[in-house]
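The values are calculated or read from the model by the stated rules, or taken from the named source; none is laboratory data. Everything quoted here is computed from the prediction, not taken from an experiment. For neighbour counting, all protein chains shown are included, and Cβ atoms are generated from backbone atoms with ideal geometry for every residue, glycine included. When the accessible area is computed, the model is the full protein with side chains, heavy atoms only, and any ligands, DNA or RNA have been set aside. Shrake-Rupley method; radii C 1.70, N 1.55, O 1.52, S 1.80 Å.
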Amino acid sequence: MKLQQLRYIWEVAHHDLNVSATAQSLYTSQPGISKQIRLLEDELGVEIFARSGKHLTRVTPAGEAILKTAGEILRKVENIKQVAQEFSNDKKGSLSIATTHTQARYALPTVIKAFIARYPDVSLHMHQGTPMQISEMAADGTADFAIATEALELFSDLVMMPVYRWNRCILVPKDHPLCHVSKLSLEEVAKHPIVTYVFGFTGRSKLDEAFLEKGLSPKVVFTAADADVIKTYVRLGLGIGIVADMAVDEGDDLVALDASELFEPSITKIGFRKGIFLRGFMYEFIQQFAPHLTRELVDQAAHAASRAEVDEIFAGLELPVY
């Protein structure tokens with residue numbers, strides 16, 4: 001059994017069983033990958049992938065178990081490389097972040113600018129996606145850090161730490177009827193068509209819960225993952241926008257009405273895979289993004305036995321409000 005064979009089966013499984021695409025991403029040949037997979041299967045005495053002719057069709061039950069262990073081995077190999085790099089050059093390497101549009105566009109630019117200035121030889125990569133995709137990228141090693149508000153708690157192999165609290169505002173054109181309401185209420189908001197985030201994005205669950213508790217059925221006419229897209233459709237008159245406070249730009253032509261009393265605040269978290277080796281610059285990135293997350297606290301969370309224990313570590317922490 002060779003490490004290269006484990007990498008091949010892992011990559012094939014994560015390229016939708018497309019051997020050709022895997023070969024391109026690894027800069028090798030398709031026949032070479034197919035041959036190595038066959039050799040591994042022959043050695044193990046089981047099929048990792050089911051086939052129809054020359055095409056791989058699915059991962060077998062045995063393959064699922066083998067891939068899980070292969071992933072753990074490959075992550076440990078990556079950790080060994082990271083340890084070596086930390087001792088050979090602690091200011092050189094790469095850092096991969098998976099996050100949503102809202103975080104990438106509004107919360108992270110100043111952090112990333114400062115980080116790059118301090119670590120010019122660290123290659124920084126940003127992946128954007130849904131909170132579910134973000135969590136998966138951190139869990140499978142595609143990304144070092146996941147930064148999101150929703151879905152991170154669904155992945156038990158992620159260590160999640162709170163970064164800040166935030167709430168929402170309601171965006172309307174100037175002279176909209178809501179501008180003249182003396183006290184904003186969910187009942188008043190529900191009278192108007194709503195443009196907001198796709199379910200599962202940027203604290204959308206808190207919004208839905210607030211209306212549900214009041215027995216209201218808001219008319220959500222348009223959803224998007226991107227706050228800037230939401231603003232565009234508010235300007236077109238499709239409805240009122242409900243977005244994160246941080247998504248309001250200075251000089252916006254829309255009026256932002258404070259909705260913090262209508263909805264429970266949400267908490268944005270940063271997460272990383274259990275067992276990952278955190279390099280010095282990775283600790284520093286976390287602390288630049290969340291100054292309260294000291295190296296000591298991060299290490300406590302990383303070595304916690306359960307998610308409940310992690311939550312206990314941060315239970316008394318006063319989080320900043322974005």
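Could you list, in sequence order, all residues of segment 2-46 that are over 23 Å from ALA138 (Cα atoms), within 33 Å of the chain's Cα centre (by Cα) and not in a helix (DSSP H, G or I)?
LYS2, TYR27, THR28, SER29
For the list (1) farther than 30 Å from MET246 by Cα; (2) surrounded by 12 or more Cβ atoms within 10 Å (Cβ to Cβ); (3) without any contact (Cβ under 8 Å) to a residue 60 or more places away in the chain, I need the number of the one condition that ASN89 fails.
Status for ASN89: all satisfied but (2).
Consider only pairs whose beta carbons are under 9 Å apart and that are at least six residues apart or on different chains; among these, list those whose first residue lies in segment 228-244 and is in contact (Cβ under 8 Å) with a residue 12 or more places away in the chain and in a helix (DSSP H, G or I) and whose second residue is polar (S, T, N, Q) and open to solvent by less than 50 Å² (accessible area, probe 1.4 Å).
Listed by first residue and then by second, the contacts come to ILE230/THR196.
Could you list, in sequence order, all residues of segment 206-234 that are among the charged types (D, E, K, R) and in contact with a Gly (Cβ under 9 Å, 6 or more places away or on another chain)?
LYS219, LYS231
What are the pairs with Cβ atoms under 6 angstrom where one residue, in segment 253-272, is in contact (Cβ under 8 Å) with a residue 40 or more places away in the chain and closer than 22 Å to LYS231 by Cα and the other, located anywhere, is in a loop (DSSP other than H, G, I, E, B) and charged (D, E, K, R)? Sequence gap at least six, or different chains.
VAL255/LYS174
Working only within segment 123-165, note down all residues that are part of a helix (DSSP H, G or I), among the aliphatic types (A, V, I, L, M) and open to solvent by less than 50 Å² (accessible area, probe 1.4 Å).
Passing the criteria: ILE134, MET137, ALA138, ALA139, LEU152.
Can you pull out every residue in segment 166-186 that is among the hydroxyl-bearing types (Ser, Thr, Tyr) and touching a Leu at 6+ places or on another chain (Cβ under 9 Å)? Break it down stepwise before answering.
Taking segment 166-186 and keeping what is among the hydroxyl-bearing types (Ser, Thr, Tyr), we get 182, 185.
If the condition is that a residue be among the hydroxyl-bearing types (Ser, Thr, Tyr) and touching a Leu at 6+ places or on another chain (Cβ under 9 Å), then SER185 is the only one that fits.
As an exercise: evaluate ALA114 against (1) surrounded by fewer than 18 Cβ atoms within 10 Å (Cβ to Cβ); (2) in a helix (DSSP H, G or I); (3) without any contact (Cβ under 8 Å) to a residue 24 or more places away in the chain and give the number of the one condition it does not meet.
Unmet condition: (3).
Would you be able to tell me the number of residues in segment 187-227 that are touching a residue at least 60 places away in the same chain (Cβ under 8 Å), part of a helix (DSSP H, G or I) and either out of contact with any helix residue (DSSP H, G or I) (no Cβ under 6 Å at 6 or more places or on another chain) or open to solvent by 30 Å² or more (accessible area, probe 1.4 Å) (or both)?
Qualifying residue count, segment 187-227: 2.
Check ILE194 against each of (1) more than 26 Å from LYS231 (Cα to Cα); (2) among the aliphatic types (A, V, I, L, M); (3) in contact with a Pro (Cβ under 6 Å, 6 or more places away or on another chain) and name the one condition it does not meet.
It is condition (1) that ILE194 fails.
Name the pairs: first residue in segment 159-172 and among the aromatic types (Phe, Trp, Tyr), second residue surrounded by fewer than 19 Cβ atoms within 10 Å (Cβ to Cβ), Cβ to Cβ under 6 Å, at least 6 apart or on different chains?
Between residues of segment 159-172 that are among the aromatic types (Phe, Trp, Tyr) and residues that are surrounded by fewer than 19 Cβ atoms within 10 Å (Cβ to Cβ), the close pairs are TYR164/LEU319; TYR164/PRO320; TYR164/TYR322; TRP166/ASP245; TRP166/TYR322.
With more than 28 Å from GLU72 (Cα to Cα) and out of contact with any Cys (no Cβ under 6 Å at 6 or more places or on another chain) as the only criterion, which of LYS219, LYS269 stands out?
Details: LYS269 fails: more than 28 Å from GLU72 (Cα to Cα).
None of the others qualify; the one that does is LYS219.
In this structure, is LEU108 out of contact with any Phe, Trp or Tyr (no Cβ under 9 Å at 6 or more places or on another chain) and either at pLDDT 90 or above or of a type outside the set (A, V, I, L, M, F, W, C) (or both)?
On the way: out of contact with any Phe, Trp or Tyr (no Cβ under 9 Å at 6 or more places or on another chain): no; either at pLDDT 90 or above or of a type outside the set (A, V, I, L, M, F, W, C) (or both): yes.
No.
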